[in-house]
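Asker: Provided herewith is a single structure, encoded as C-alpha cells, for subsequent inquiry.
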Amino acid sequence: MLFEDVYKEFLFDLEIKNYSIRTIKGYKNNNRAFLNYLCNEFSVIEVEEINTSHIKAYLMNLKMKGLSESYINGIQKNIRSFFNFIVEEGYIAEKRNPVLGLKWMKEPKVLIKTFNDDEVKRLINAYKGDFYLSMRNKLILMFFVDLGIRNLELCSLGSLDVGESVIKIHGKGNKERNLYISPFLKKYIIKYERMKEAYFKDKFMTDSNFFLSQNGKVLTVTAIEVMMKKAGNEAKIRDHIRCSPHTLRHYFAQKQLRLGLDVYSLSRLLGHESTIITNRYLQSIQDEQILELAKTTSPLMNL
C-alpha cells in the first residue's frame, strides 16, 4: 500500500471528524514533510516498508536542525496519529505499528514568564475607551485577562454567545465551555455594546461576530496580535516578556492559582483536555515563590 494513498485517506478522515482547518493543516504539513524524508533518505514509499528506526532517524534529524524537544514532540504526535489511523484501517497489524517503539523526547523544564499585575493594568489602560475601536481593544484585553481564552476563540465569538452572565466559548475540537462574566467585565461589555450599536447604526455589517473590525468584518488572529503589541509598547512591558494574547492566557492561569483556584477547575476554564498542561502553571508559581524565599535565606548574606 502506497503511503501517498493512505496519506490522502488520513486527511479526508480528519475532515470527517470535523477537525478545525488549523489542526488539519498541522497534521498535513508535518506528515507531508515526514513522508518526503522517508522517500528521499530511505526510498521508502510503501506502508509495509516502514519501521521504528525510520521514524527515530527523522526525529533525530529534526533535533540536529535545532528544533526544540517540545516542538519535535508535537510533530511526533501528528506522526503517531497517522500510523494509528493506518492500523485502524487494517493496512498494517497492531503489533507492526512502528510508533509503539517510540519514546517522547524529554522536554527541559521551562518557567512560564508572564505579565505582573501593574503591567496588566497598564495594558488595559493603553486604550481609553472613548470611541468604538478604542473601547473594542480595551474590552478585548479585558476578555483575555478575565476569561483566559485563546486568540482564535475570541475571534470566533458570536454576538449570541455573550449572554447576561455567561459566555459560550467554542474551543479546540469543537468543544464548548461556558465562562462566567464578572460584574466588572459586564460593566464594560455594556459600554462596548452601546458604542458598537451607535458606530454601526448607518453602516453595513458583513458578519455577526461580537468583536468586529472598523469595516464590520471578523477580526483575524494577526490583527489582535498587532493590536496587543501596540498596547505593549504604550504600556512599556518588560523586554523579555512576549506581549501576546497567549501570554495574557498564562497570566490568567497563574493569577487564578494564586487566588486559590484548584488545578482541575482551572483546567476546565482553560479548555484543556487534561490537567497535565495546567500543572505547568502551578510548577512555575512554586519555583517563583522558592526563588523569592531564597533571596532571604542566602548563606553568604546571613553569615
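Asker: Only one of Ile237, Ile189 is within 20 Å of Phe131 (Cβ to Cβ), at pLDDT 95 or above and buried (at least 16 other Cβ atoms within 10 Å of the Cβ). Can you tell me which?
Answerer: Numbers: Ile237 fails: within 20 Å of Phe131 (Cβ to Cβ).
Among Ile237, Ile189, only Ile189 is within 20 Å of Phe131 (Cβ to Cβ), at pLDDT 95 or above and buried (at least 16 other Cβ atoms within 10 Å of the Cβ).
Asker: If you check Lys63 against the conditions, is it within 28 Å of Gly171 (Cβ to Cβ) and either touching a residue at least 40 places away in the same chain (Cβ under 8 Å) or part of a helix (DSSP H, G or I) (or both)?
Answerer: Values: within 28 Å of Gly171 (Cβ to Cβ): no; either touching a residue at least 40 places away in the same chain (Cβ under 8 Å) or part of a helix (DSSP H, G or I) (or both): yes.
It is false that Lys63 is within 28 Å of Gly171 (Cβ to Cβ) and either touching a residue at least 40 places away in the same chain (Cβ under 8 Å) or part of a helix (DSSP H, G or I) (or both).
Asker: What about Ile79, is it among the aliphatic types (A, V, I, L, M) and either at pLDDT 95 or above or touching a strand residue (DSSP E or B) at 6+ places or on another chain (Cβ under 7 Å) (or both)?
Answerer: Numbers: among the aliphatic types (A, V, I, L, M): yes; either at pLDDT 95 or above or touching a strand residue (DSSP E or B) at 6+ places or on another chain (Cβ under 7 Å) (or both): yes.
Here the answer is yes, as Ile79 does meet what is asked.
Asker: Collect the residues in the stretch 243-264 that are within 27 Å of Ser134 (Cα to Cα), surrounded by fewer than 16 Cβ atoms within 10 Å (Cβ to Cβ) and either among the hydrophobic types (A, V, I, L, M, F, W, C) or without any contact (Cβ under 8 Å) to a residue 40 or more places away in the chain (or both), keeping them in residue-number order.
Answerer: Within the stretch 243-264, no residue meets the criteria.
Asker: I'd like to check which helices (runs of 4 or more DSSP H) are fully inside the stretch 183-269 and have at least 2 residues that are of a type in the set (Lys, Arg) and within 21 Å of Glu164 (Cα to Cα). Even if it seems obvious, please write down each step before you answer.
Answerer: Working: elements: 183-199, 221-235, 245-258.
Per the criteria, 183-199.
Asker: While we're looking at this one, here's another question. Answer yes or no: is there a residue in the stretch 38-47 that is in contact (Cβ under 8 Å) with a residue 40 or more places away in the chain and assigned to a helix (DSSP H, G or I).
Answerer: Taking the stretch 38-47 first, the residues in contact (Cβ under 8 Å) with a residue 40 or more places away in the chain are 44-47.
Filter once more, so that each one left must be assigned to a helix (DSSP H, G or I): 47.
Looking through the stretch 38-47, at least one residue is in contact (Cβ under 8 Å) with a residue 40 or more places away in the chain and assigned to a helix (DSSP H, G or I).
Asker: Suppose we filter the stretch 141-167 for residues that are in a loop (DSSP other than H, G, I, E, B) and over 19 Å from Ser267 (Cβ atoms); how many remain? Talk me through it step by step, then tell me what you get.
Answerer: First pass over the stretch 141-167, keeping only residues in a loop (DSSP other than H, G, I, E, B): 148-150, 156-157, 163-165.
Next cut, over 19 Å from Ser267 (Cβ atoms) only: 156-157, 163-165.
Total satisfying the criteria: 5.
Asker: Among Val47, Val110, which is the only one that is over 30 Å from Arg280 (Cα atoms) and not assigned by TED's automatic domain parsing to the domain that holds Phe252?
Answerer: Every option except Val47 fails the conditions.
Asker: Which condition number in (1) of a type in the set (D, E, K, R); (2) in contact (Cβ under 8 Å) with a residue 24 or more places away in the chain; (3) in a helix (DSSP H, G or I) is the one that Arg80 fails?
Answerer: (2)
Asker: When only residues in the stretch 88-140 that are among the aliphatic types (A, V, I, L, M) and not in a helix (DSSP H, G or I) count, which is surrounded by the most Cβ atoms within 10 Å (Cβ to Cβ)? Talk me through it step by step, then tell me what you get.
Answerer: Residues of the stretch 88-140 among the aliphatic types (A, V, I, L, M): 92-93, 99-100, 102, 105, 110-112, 120, 123-124, 126, 133, 135, 139-140.
Subsequent filtering for residues that are not in a helix (DSSP H, G or I) retains 92-93, 102, 105, 110-112, 126.
On the way: Ile92: 17, Ala93: 8, Leu102: 16, Met105: 18, Val110: 11, Leu111: 12, Ile112: 16, Ala126: 21.
By that ranking, first place goes to Ala126.
Asker: Among the residues of the stretch 187-200, is any closer than 28 Å to Ser267 by Cβ and aromatic (Phe, Trp, Tyr)?
Answerer: Yes, the stretch 187-200 has at least one match.
The values are calculated or read from the model by the stated rules, or taken from the named source; none is laboratory data. What you are looking at is a predicted structure, and each value in this text was computed from that prediction instead of being measured. Note: ideal-geometry Cβ built from the backbone for every residue, glycine included; neighbour counts use all protein chains shown.
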